[in-house]
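J.: Once you've had a glance at the structure underneath, I'll fire off some questions.
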Amino acid sequence: MHKLLPVLLFGIVMAWGCTTADQLTEAEYIQRHYTKIERQIPMRDGIKLFTAIYIPKDTSQQYPLLINRTPYAVAPYGEDQLKATLGPDSNFAREGYIFVYQDVRGRWMSEGVYKDIRPHVADKKSDRDIDESSDTYDTIDWLIKNVPHNNGRAGIYGISYPGFYSTAALPDAHPALKAVSPQAPVTDWFRGDDFHHNGAFFLMDAFNFYSRFGVPRPKPLTPDQFNNAVPFSYRDNYQFFLELGALPHVNERYFGDSVAFWNDLMRHGTLDTFWQAREIARHLHDVKPAVMTVGGFFDAEDALGPFVVYDSIKANNPDAANHLVMGPWFHGGWVRSTGDFFGDIQFHQPTSAWYQEQLQLPFFNYYLKDKGTFDAAEATIFLTGSNEWKHFDSWPPKAAAPRQLYLQANGRLSFEKAPAEGYDEYVSDPASPVPYQAGVHERRSREYMIDDQRFAAQRPDVKVYRSDVLTEDITLAGPLLANLFASTSGTDADYIVKLIDEHPEDTTSAGLGYEGKNLSGYQMLVRGEVLRGKFRNSFEHPEPFVPGKVTPVNFSLPDVGHTFKKGHRIMVQIQNSWFPLVDRNPQQFMDIYHAKDSDFVKATHRVYHGGDHASHLTVHVLEP
């Protein structure tokens, strides 16, 4: 027995020291199972793009390429420095792919000149005609030919700006590109994503983003070598931007001439050829790869992009494998959160894990590995309010019928049109704009997309319209259109329309939100959007208002998927400022980007209801 003791002790020690693959953290698994190489991949015009490639050490099989192209750096840099997570979510590293991360042209360690949402060149005549489609094509072509143990198939994915690069890979795609997932894709920077919504300038986001992102790099460098960001600080965003005043003060006090794209924003105040050239959706023809576009209903940055990409592919490629997934998420929340709550509102299930396991991994496995099945509905939609996943043959659902929600006298809201005409009148003062959220905030919060709107309802320059208490559930699923009749004493005005779910005052009926918050009387923002009024008829050719004249003001809000429960009310709020989310409108017809502080004036507004001027929202009610 004494002779066996060392052997037994050795076995115990070995058992303690062994860790199975399932017991490893993702970072440990990556360290043990992947080799990282870094390459400068040549493009057709001779420019080289810095690319980090993670290759499985197991060479007994072949793997597909899964690509992420980004302007935000592929850090960490150095072949001995590996990422702690790989792929779209934590399921992918153990699944086995060749993961590819690339600094796009002109960013960080890649050569070339960077252009924001680089225009697509549809008719390329020489190797000098490059765009994100050609750079993706050349990257895939090089990878297929030079990375060992690849199976000849590639996929691409990305959230936000990388979502744009995913969409941009679709026109004239490389034959090896089989699966593409644009997620919260930057798609239209004038009508609805990031820096403009229906022509209105999203001041706070543009200022904060371009104070760093827009400052040029002197040469290829890594993020730790970059120290040229524009310095500024504040604690109260409302007060900071109010004191900043008219937009020309941004360059005078902060940017100088250092941020080229900010200057482009200031020069191109209409939907001119500058913006039209950057509309990637115009080029989504002859789409060959399978596409799964993903977005969040409460995305404060790119809520419109997913619908535009899905709709464009559907319209121009009726036979394409085209899928849409919309969940109850903030920007990137499907991988950056558990998805069981957002802000004060609970969804009572881990929506992100469900999406990752049931949709994201199966999508790429099926199209890139021939593994398993992918039989998802064309539109997989999480309806908030009822908090359930729904599977539709198309979006909007065929069973969703358009109906009109009419504004009425005395702050009422009804599906019935009032015969008598009337109006509500109030004054909007640019010196005291309506805040986008209650309280004091430093950076723009993402939770404003779902927050309680009682703070706004208390202001005299916000008009509130409420339905009767609902006697049955009503589900809205699909497009949302504001159809207003309005007048102003000025010659321009912004119009903000908010669709709100007003919870019951009774504590038991209202229920509890995240961390047990009492939702009694909570006015949950379901959807809000703005139109710069001078663009009511054309984004290319703005028109002034005639003071005092009743004028149709019609515009689209991003689609909605929400159930207003029995016992709740449907509420609509209308206002003319949303600050500092949206820059202030001087309420005079002019080039706002070059306005002076003295140009901002009070205006008296009227919103009309009933009779021939029956302001309303067109909604799509899902039939049970």
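J.: Kindly indicate whether any position in the range 301-315 is under 24 Å from LEU557 (Cβ atoms), assigned to a loop (DSSP other than H, G, I, E, B), out of contact with any Ser or Thr (no Cβ under 8 Å at 6 or more places or on another chain) and open to solvent by less than 30 Å² (accessible area, probe 1.4 Å).
T.: The answer is yes; a qualifying residue exists.
J.: Still on this structure, I have one more. I need the full set of residues from the range 442-482 which are out of contact with any Ser or Thr (no Cβ under 7 Å at 6 or more places or on another chain), within 25 Å of GLU416 (Cβ to Cβ) and surrounded by fewer than 18 Cβ atoms within 10 Å (Cβ to Cβ), in order please.
T.: Within the range 442-482, ASP468, VAL469, LEU470, THR471, GLU472 meet the criteria.
J.: Take the residues in the range 341-370 that are of a type in the set (Asp, Glu) and on the phi < 0 side of the Ramachandran plot, then tell me which one is least open to solvent (accessible area, probe 1.4 Å).
T.: If we take residues in the range 341-370 being of a type in the set (Asp, Glu) and on the phi < 0 side of the Ramachandran plot, then ASP344 is least open to solvent (accessible area, probe 1.4 Å).
J.: In this structure, does ALA477 turn out to be of a type in the set (A, V, I, L, M) and over 21 Å from HIS568 (Cβ atoms)?
T.: no
J.: Need the failing condition index for PHE298 against (1) open to solvent by 50 Å² or more (accessible area, probe 1.4 Å); (2) in contact (Cβ under 8 Å) with a residue 60 or more places away in the chain; (3) in a loop (DSSP other than H, G, I, E, B), just the number.
T.: (1)
J.: In addition: Consider GLY548 carefully, then state whether it is touching a residue at least 40 places away in the same chain (Cβ under 8 Å), assigned to a strand (DSSP E or B), among the small types (Gly, Ala, Ser) and out of contact with any Asp or Glu (no Cβ under 9 Å at 6 or more places or on another chain).
T.: When the stated conditions are applied, GLY548 does not pass them.
J.: Might you let me know whether the range 251-274 holds any residue that is under 18 Å from PRO185 (Cα atoms), under 20 Å from the mean Cα position of the chain (by Cα) and not aromatic (Phe, Trp, Tyr)?
T.: No, every residue in the range 251-274 fails to be under 18 Å from PRO185 (Cα atoms), under 20 Å from the mean Cα position of the chain (by Cα) and not aromatic (Phe, Trp, Tyr).
J.: Could you tell me whether the range 483-498 includes any residue that is buried (at least 16 other Cβ atoms within 10 Å of the Cβ), charged (D, E, K, R) and within 28 Å of PHE392 (Cα to Cα)?
T.: Yes, there is a match, as at least one residue in the range 483-498 is buried (at least 16 other Cβ atoms within 10 Å of the Cβ), charged (D, E, K, R) and within 28 Å of PHE392 (Cα to Cα).
J.: Another question, then. Tell me which residues, restricted to the range 370-411, are of a type in the set (A, V, I, L, M), in a strand (DSSP E or B) and within 25 Å of the chain's Cα centre (by Cα).
T.: ALA379, ILE381, LEU383, ALA400
J.: Continuing with the same structure: Select, from THR167, THR136, the only residue that is under 25 Å from PRO56 (Cβ atoms), in a helix (DSSP H, G or I) and not aliphatic (A, V, I, L, M).
T.: Of THR167, THR136, the one residue that is under 25 Å from PRO56 (Cβ atoms), in a helix (DSSP H, G or I) and not aliphatic (A, V, I, L, M) is THR136.
J.: While we're looking at this one, here's another question. Only one of ASP340, ASP344 is in contact with a Phe, Trp or Tyr (Cβ under 6 Å, 6 or more places away or on another chain) and free of Cβ contacts under 8 Å to residues at least 40 places away in the same chain. Can you tell me which?
T.: Of the residues listed, the single one that is in contact with a Phe, Trp or Tyr (Cβ under 6 Å, 6 or more places away or on another chain) and free of Cβ contacts under 8 Å to residues at least 40 places away in the same chain is ASP340.
To keep it simple, each residue is scored yes or no on (1) within 19 Å of GLY155 (Cα to Cα); (2) open to solvent by 10 Å² or more (accessible area, probe 1.4 Å); (3) touching a Lys or Arg at 6+ places or on another chain (Cβ under 6 Å); (4) in a loop (DSSP other than H, G, I, E, B).
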residue: ASP58; (1), (2), (3), (4): no, yes, no, yes
residue: LEU65; (1), (2), (3), (4): yes, no, no, no
residue: THR85; (1), (2), (3), (4): yes, yes, no, yes
residue: PRO88; (1), (2), (3), (4): yes, yes, no, yes
residue: ARG94; (1), (2), (3), (4): yes, yes, no, no
residue: GLN102; (1), (2), (3), (4): yes, no, yes, no
residue: TRP108; (1), (2), (3), (4): no, yes, no, yes
residue: GLU111; (1), (2), (3), (4): no, yes, yes, yes
residue: TYR114; (1), (2), (3), (4): no, yes, yes, yes
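J.: Just for the range 484-512: of the residues that are among the polar types (S, T, N, Q) and touching a residue at least 24 places away in the same chain (Cβ under 8 Å), which one is nearest to PHE535 (Cα to Cα)?
T.: THR491
J.: Quickly run through the range 510-542 and pick out the residues that are in contact with a helix residue (DSSP H, G or I) (Cβ under 6 Å, 6 or more places away or on another chain), closer than 22 Å to VAL607 by Cα and either open to solvent by less than 10 Å² (accessible area, probe 1.4 Å) or assigned to a loop (DSSP other than H, G, I, E, B) (or both).
T.: The answer is PRO542, and nothing else.
J.: Can I ask one more? For residues that are in contact with a Pro (Cβ under 9 Å, 6 or more places away or on another chain) and open to solvent by 40 Å² or more (accessible area, probe 1.4 Å), tally how many sit in the range 316-337.
T.: Adding up the residues that qualify gives 1.
J.: Do the conditions hold for VAL121, that is, is it within 25 Å of the chain's Cα centre (by Cα), among the β-branched types (Val, Ile, Thr) and open to solvent by 20 Å² or more (accessible area, probe 1.4 Å)?
T.: yes
J.: If you go through the range 572-593 one residue at a time, do you hit one that is within 27 Å of the chain's Cα centre (by Cα), at pLDDT 95 or above, hydroxyl-bearing (Ser, Thr, Tyr) and part of a strand (DSSP E or B)?
T.: no
J.: Here's something else I'd like to know. Could you check, for the range 41-51, whether at least one of its residues is at pLDDT 95 or above, closer than 27 Å to TYR367 by Cα, among the hydrophobic types (A, V, I, L, M, F, W, C) and part of a loop (DSSP other than H, G, I, E, B)?
T.: Yes, there is a match, as at least one residue in the range 41-51 is at pLDDT 95 or above, closer than 27 Å to TYR367 by Cα, among the hydrophobic types (A, V, I, L, M, F, W, C) and part of a loop (DSSP other than H, G, I, E, B).
J.: Mind counting the residues in the range 270-309 that are among the hydroxyl-bearing types (Ser, Thr, Tyr) and more than 21 Å from VAL121 (Cα to Cα)?
T.: 2
J.: Restricting attention to the range 66-76, does a residue exist that is free of Cβ contacts under 8 Å to residues at least 60 places away in the same chain and farther than 15 Å from ARG39 by Cα?
T.: No, every residue in the range 66-76 fails to be free of Cβ contacts under 8 Å to residues at least 60 places away in the same chain and farther than 15 Å from ARG39 by Cα.
J.: Follow-up question, since we're still on this one. Has the range 310-320 got at least one residue that is under 17 Å from HIS196 (Cα atoms) and either touching a residue at least 60 places away in the same chain (Cβ under 8 Å) or among the β-branched types (Val, Ile, Thr) (or both)?
T.: no
J.: Of all the residues that make up the range 393-441, how many are free of Cβ contacts under 8 Å to residues at least 60 places away in the same chain, at negative phi and loosely packed, with under 13 Cβ neighbours inside 10 Å?
T.: The number of residues fulfilling the criteria is 3.
J.: Evaluate the following for ASP127: is it of a type in the set (Asp, Glu), open to solvent by less than 30 Å² (accessible area, probe 1.4 Å), touching a residue at least 40 places away in the same chain (Cβ under 8 Å) and out of contact with any Phe, Trp or Tyr (no Cβ under 9 Å at 6 or more places or on another chain)?
T.: For ASP127, the condition - of a type in the set (Asp, Glu), open to solvent by less than 30 Å² (accessible area, probe 1.4 Å), touching a residue at least 40 places away in the same chain (Cβ under 8 Å) and out of contact with any Phe, Trp or Tyr (no Cβ under 9 Å at 6 or more places or on another chain) - is not met.
The values are calculated or read from the model by the stated rules, or taken from the named source; none is laboratory data. Model, not experiment: these values are computed from the prediction. Neighbour counts are summed over all protein chains in view; Cβ atoms, including those assigned to glycine, are modelled from backbone coordinates with ideal geometry. Ligands, DNA and RNA are stripped out before the accessible areas are found, and what is left, the full protein with its side chains, is counted by its heavy atoms. Shrake-Rupley method; radii C 1.70, N 1.55, O 1.52, S 1.80 Å.
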